[in-house]
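Engineer: There's a structure below that I have some questions on.
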Amino acid sequence: MLSIDTARLTLNDGNKLPMLGLGVYQMPSQETQSACLSALKHGYRLIDTAALYKNEEEVGKAVRSSSVPRSDVFVTTKLWNSDHGKKETIEAFEQSLNKLGLDYVDLYLVHSPQGGKNLETWDAMVELKEKGLIKSIGVSNFNIHHLENLKSARPNHIPAVNQIELSPYLDRDELVSYCKKEGIVVQAYSPLTQGKMLKDPPLVEIAQKYKKSTAQVLIRWSLQQGFSVLPKSSTDQRIAENGNVFDFEISESDMSVLNALKINDVRVAWNPLVTPWQP
């Protein structure tokens, strides 16, 4: 059976992305370093930050001070909307890399398509990848029309990852199917609905059946869908609990129950998916 530190998805560039990681969105900087160290202690091998989160420095400190070798830790950060453009992207990436205090980033994502200048931004990311400063490049909050336009213009550089809001309570079937068809790994943020649906009766019933928390069931749902998933927590106990999801499997019938929850259409984050394409 897979474990938290061995479960990985192979990206379209051959690199391997851990299936479970720690998200640090809206995590105060004073909590971030200890949360990352806790995650690494409990077997997590992926930490997801962004320029927007203003905690890259603390993530880098945790990675550098951990006993886990740097080569075993997968670090993701993201380019913010105001830094789109060829020159701007390179400068923003260099700032992120300096804050992290690392020699390279494992995955660099365009945080959303809302910043415009998406093609020259992508070209800059390709250039940084070719220099070895980034191992893999991808996008976040891109919908099918964004991905199709990017593929048409840059067919030789398909994103390795599309990070989007995902949970059983949100219908993203069409986008997920498209990504899988194109060889783009889907990564789920806000997989726990920011706590909004953790007491939902159908979810509670399934969790009780498996003697797991509702959060663990939501994380396991993402794993069984083939997603990489990024639950967020800053407490050691919860981080450990969220990682303890590799010792059970949700049955096909219970997965069907969970999949039917999309009728609720619960979105808890922003929605750049509706943004028009801006090359």
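The values are calculated or read from the model by the stated rules, or taken from the named source; none is laboratory data. Bear in mind that the values here come from a model prediction, so they are computed numbers and not experimental data. Every residue, glycine as well, gets a Cβ built from its backbone with ideal geometry; the counts of neighbours run over all protein chains shown. Please note that ligands, DNA and RNA were not included when accessible areas were found on the heavy atoms of the full protein model with its side chains. Shrake-Rupley method; radii C 1.70, N 1.55, O 1.52, S 1.80 Å.
Engineer: Can you name every residue in the stretch 148-179 that is within 19 Å of residue 15 (Cβ to Cβ) and either of a type in the set (Gly, Ala, Ser) or under 18 Å from the mean Cα position of the chain (by Cα) (or both)?
Structural biologist: Answer for the stretch 148-179, where residues must be within 19 Å of residue 15 (Cβ to Cβ) and either of a type in the set (Gly, Ala, Ser) or under 18 Å from the mean Cα position of the chain (by Cα) (or both): 158, 159, 160, 161, 162, 163, 179.
Engineer: If you check 204, 176, 186, which single one turns out to be modelled with pLDDT of 95 or more and closer than 18 Å to residue 21 by Cα?
Structural biologist: 186
Engineer: In this structure, does residue 38 turn out to be crowded, with 17+ Cβ neighbours inside 10 Å, among the hydroxyl-bearing types (Ser, Thr, Tyr) and in contact (Cβ under 8 Å) with a residue 60 or more places away in the chain?
Structural biologist: Taking the combined requirement at face value, the residue satisfies it.
Engineer: Same structure, new question: Condition check: open to solvent by 30 Å² or more (accessible area, probe 1.4 Å) and aliphatic (A, V, I, L, M). Does residue 147 satisfy that?
Structural biologist: no
Engineer: Next question, about the same structure. Condition first: closer than 29 Å to residue 139 by Cα and more than 15 Å from the chain's Cα centre (by Cα). Now tell me which residues in the stretch 222-241 satisfy that.
Structural biologist: Selection gives 224, 234, 235, 238, 239, 240, 241.
Engineer: May I ask you to verify whether residue 156 is without any contact (Cβ under 8 Å) to a residue 60 or more places away in the chain and part of a strand (DSSP E or B)?
Structural biologist: Considered against the rule, which asks whether it is without any contact (Cβ under 8 Å) to a residue 60 or more places away in the chain and part of a strand (DSSP E or B), residue 156 comes out as no.
Engineer: Between residues in the stretch 248-268 that are touching a residue at least 60 places away in the same chain (Cβ under 8 Å) and within 25 Å of residue 2 (Cβ to Cβ) and residues that are aromatic (Phe, Trp, Tyr) and assigned to a helix (DSSP H, G or I), which pairs lie under 7 Å by C-beta distance while being six or more apart or on different chains?
Structural biologist: From residues that are touching a residue at least 60 places away in the same chain (Cβ under 8 Å) and within 25 Å of residue 2 (Cβ to Cβ), the pairs are 258/221.
Engineer: In the stretch 201-236, which residues are among the polar types (S, T, N, Q) and either surrounded by fewer than 19 Cβ atoms within 10 Å (Cβ to Cβ) or in contact (Cβ under 8 Å) with a residue 24 or more places away in the chain (or both)?
Structural biologist: 208, 213, 216, 222, 224, 225, 228, 233, 234, 235
Engineer: I would also like to ask the following. Are there any pairs with C-beta distances below 9 angstrom linking a residue in the stretch 121-136 that is among the aliphatic types (A, V, I, L, M) and in a loop (DSSP other than H, G, I, E, B) to a residue that is at pLDDT 95 or above and surrounded by fewer than 15 Cβ atoms within 10 Å (Cβ to Cβ), with the two at least 6 apart or on different chains, and if so which?
Structural biologist: Final answer for the pair search is 133/94; 133/103.
Engineer: So residue 92 ticks every box in (1) in a helix (DSSP H, G or I); (2) crowded, with 22+ Cβ neighbours inside 10 Å; (3) out of contact with any Asp or Glu (no Cβ under 8 Å at 6 or more places or on another chain); (4) free of Cβ contacts under 8 Å to residues at least 60 places away in the same chain but one. Which box is left unticked?
Structural biologist: (3)
Engineer: What is the number of the single condition among (1) touching a strand residue (DSSP E or B) at 6+ places or on another chain (Cβ under 7 Å); (2) open to solvent by 10 Å² or more (accessible area, probe 1.4 Å) that residue 249 does not meet?
Structural biologist: (1)
Engineer: Tell me the residue from 263, 239 that is hydrophobic (A, V, I, L, M, F, W, C), part of a helix (DSSP H, G or I) and surrounded by 20 or more Cβ atoms within 10 Å (Cβ to Cβ), please.
Structural biologist: 239
Engineer: Considering only the stretch 112-123, I want to know if a residue exists there that is at pLDDT 95 or above, open to solvent by less than 10 Å² (accessible area, probe 1.4 Å) and aliphatic (A, V, I, L, M).
Structural biologist: No, the stretch 112-123 has no match at all.
Engineer: Would a scan of the stretch 263-272 turn up a residue that is farther than 21 Å from residue 22 by Cα, under 18 Å from the mean Cα position of the chain (by Cα) and either polar (S, T, N, Q) or at pLDDT 95 or above (or both)?
Structural biologist: Checked against the condition, which is being farther than 21 Å from residue 22 by Cα, under 18 Å from the mean Cα position of the chain (by Cα) and either polar (S, T, N, Q) or at pLDDT 95 or above (or both), the stretch 263-272 yields at least one hit.
Engineer: Being among the aliphatic types (A, V, I, L, M), open to solvent by 70 Å² or more (accessible area, probe 1.4 Å) and outside any helix (DSSP H, G or I): is that true of residue 102 here?
Structural biologist: Here the answer is no, as residue 102 does not meet what is asked.
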